[in-house]
1. Here's a check for you: in segment 16-32, which residue that is free of Cβ contacts under 8 Å to residues at least 60 places away in the same chain and in a helix (DSSP H, G or I) is surrounded by the fewest Cβ atoms within 10 Å (Cβ to Cβ)?
2. In the list ILE37, ILE63, ILE70, ILE42, which residue meets the criterion of being modelled with pLDDT of 95 or more, out of contact with any strand residue (DSSP E or B) (no Cβ under 7 Å at 6 or more places or on another chain), within 19 Å of GLY230 (Cα to Cα) and among the hydrophobic types (A, V, I, L, M, F, W, C)?
3. Mind checking which residues of segment 137-181 are open to solvent by 40 Å² or more (accessible area, probe 1.4 Å) and on the phi > 0 side of the Ramachandran plot?
4. With the structure loaded, tell me whether ALA299 is over 20 Å from the mean Cα position of the chain (by Cα), surrounded by 15 or more Cβ atoms within 10 Å (Cβ to Cβ) and more than 17 Å from VAL324 (Cβ to Cβ) or whether it fails that test.
5. For the list (1) among the polar types (S, T, N, Q); (2) assigned to a loop (DSSP other than H, G, I, E, B); (3) under 23 Å from ALA15 (Cβ atoms), I need the number of the one condition that SER246 fails.
6. Take ARG134 and decide whether it is under 21 Å from GLN69 (Cα atoms), among the charged types (D, E, K, R) and open to solvent by 20 Å² or more (accessible area, probe 1.4 Å).
7. Starting from residues that are charged (D, E, K, R) and over 22 Å from the mean Cα position of the chain (by Cα), keep the ones in segment 72-106 and report whichever is nearest to ASP40 (Cα to Cα).
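The values are calculated or read from the model by the stated rules, or taken from the named source; none is laboratory data. Everything numeric here is computed off the predicted structure, so don't read it as measured data. When we count neighbours, we look across all protein chains shown, and the Cβ atoms used for this are built from the backbone with ideal geometry, even at glycine. When the accessible area is computed, the model is the full protein with side chains, heavy atoms only, and any ligands, DNA or RNA have been set aside. Shrake-Rupley method; radii C 1.70, N 1.55, O 1.52, S 1.80 Å.
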Amino acid sequence: MAEVMLYDTTLRDGAQMEGIAYSVEDKLKITQKLDEIGIDYIEGGWPGANPKDSEFFERVKGIKLAHAQIAAFGSTRRANTSAARDSGILALEQAGTDIVTLVGKSWDLHVKHVLETTLEENLAMIKDSISYLRGQGKTVFYDAEHLFDGFKNNQEYALSSIKAADLAGAACIILCDTNGGAIPSDVISVVKRVKGEIMVPLGIHSHDDTEMAVANSVSAIQAGVTQVQGTINGYGERCGNANLCSIIPNLKIKLGIDCVNDEQLVRLTEASRFVSEIANMGLDGYQAYVGTSAFTHKAGLHASAMSKVEESYQHVYPEMVGNVKRVLVSELAGRSNIV
């Protein structure tokens, strides 16, 4: 299976979660932690959208990262103007990152009723924005927003929006389940169709409104995408984003994709708890892999079996992801729990 690149948007999409408000210092600390666990791309925010994000892009230049590259996020130019004169595009240019991620519309409903422009102008907005930023020496990733909803409503137009990004020179086109309503069969079908139309590398960006963001992300990778976007602990708008704390070990352990090395995988639980503390969000003890209860055993039957063969009630060893096994004592306990 092809190499998969990890793209983290904890600092941008993750910051849209109810209850989270990062300071610039918070964002810089999280950036360093993400670099330590082997994240390839860190989306720092939306330059020009607020003073904190603009300050972040200035200050992050002074931090030496071992591996990760910083990406600036923004949208395609406004309708009926030029990319060279669009304030949002210019803010992306001035952020000073080599990587720029542009979001644009793939769903005709959004083009007509949210942007309130024509389908043709939206395609021009995609082409002009990507072409301009490429002309400034940027590597451009294109987030095809609402791609899966767009596919259901007007498949040909959704495809034409992706082709516009391809022709303009996007280095990767990310298929976004922005409303989080897709299921794995939807994702696999769309990824295969898109791969049959364009040759540019594809990515996946899933939201968790059906509680399938991780499953959708893994399904997309199995169908051939090579970039996966998500957040630490699944933070994000509404029900959250795809949780990289589950995606990373699923890729590494279950699928044999070396998206991080063994030492970085061992630091995953630490990173989950670090970001939780910085974000002032209560730790979800029931998270897969990194939760405090992920390898906790309460039933006497389980503890008895575990005392003989550890893998009898654990699908992986907790030490692989930096977690630990616990055995509880309660009215459900047996002799093995007590021992």
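1. Kept after step one, since they are free of Cβ contacts under 8 Å to residues at least 60 places away in the same chain, are these residues of segment 16-32: 18, 21, 23-25, 27-28, 31-32.
This time we only want the ones that are in a helix (DSSP H, G or I), so: 24-25, 27-28, 31-32.
Working: VAL24: 17, GLU25: 11, LYS27: 23, LEU28: 18, THR31: 23, GLN32: 16.
Only one residue tops the list, namely GLU25.
2. Values: ILE63 fails: within 19 Å of GLY230 (Cα to Cα); ILE70 fails: out of contact with any strand residue (DSSP E or B) (no Cβ under 7 Å at 6 or more places or on another chain); ILE42 fails: out of contact with any strand residue (DSSP E or B) (no Cβ under 7 Å at 6 or more places or on another chain).
Result of the check over ILE37, ILE63, ILE70, ILE42: ILE37.
3. Listed by number, the list holds a single entry, GLY137.
4. yes
5. The single condition SER246 does not satisfy is (2).
6. On the way: under 21 Å from GLN69 (Cα atoms): yes; among the charged types (D, E, K, R): yes; open to solvent by 20 Å² or more (accessible area, probe 1.4 Å): yes.
Judged against the criteria, ARG134 is a match.
7. Going through segment 72-106, the residues charged (D, E, K, R) turn out to be 77-78, 85-86, 93, 98, 105.
Retained after the next criterion (residues that are over 22 Å from the mean Cα position of the chain (by Cα)): 77-78, 85-86, 93.
Numbers: ARG77: 27, ARG78: 30, ARG85: 31, ASP86: 29, GLU93: 21 Å.
Applying the filter and picking the extreme gives GLU93.
So that you can scan it fast, the table gives a plain yes or no per residue for (1) at pLDDT 95 or above; (2) more than 13 Å from the chain's Cα centre (by Cα); (3) of a type in the set (Ser, Thr, Tyr):
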residue: THR210; (1), (2), (3): yes, yes, yes
residue: THR226; (1), (2), (3): yes, no, yes
residue: GLY230; (1), (2), (3): yes, no, no
residue: TYR235; (1), (2), (3): yes, no, yes
residue: CYS239; (1), (2), (3): yes, yes, no
residue: ASN243; (1), (2), (3): yes, no, no
residue: SER246; (1), (2), (3): yes, no, yes
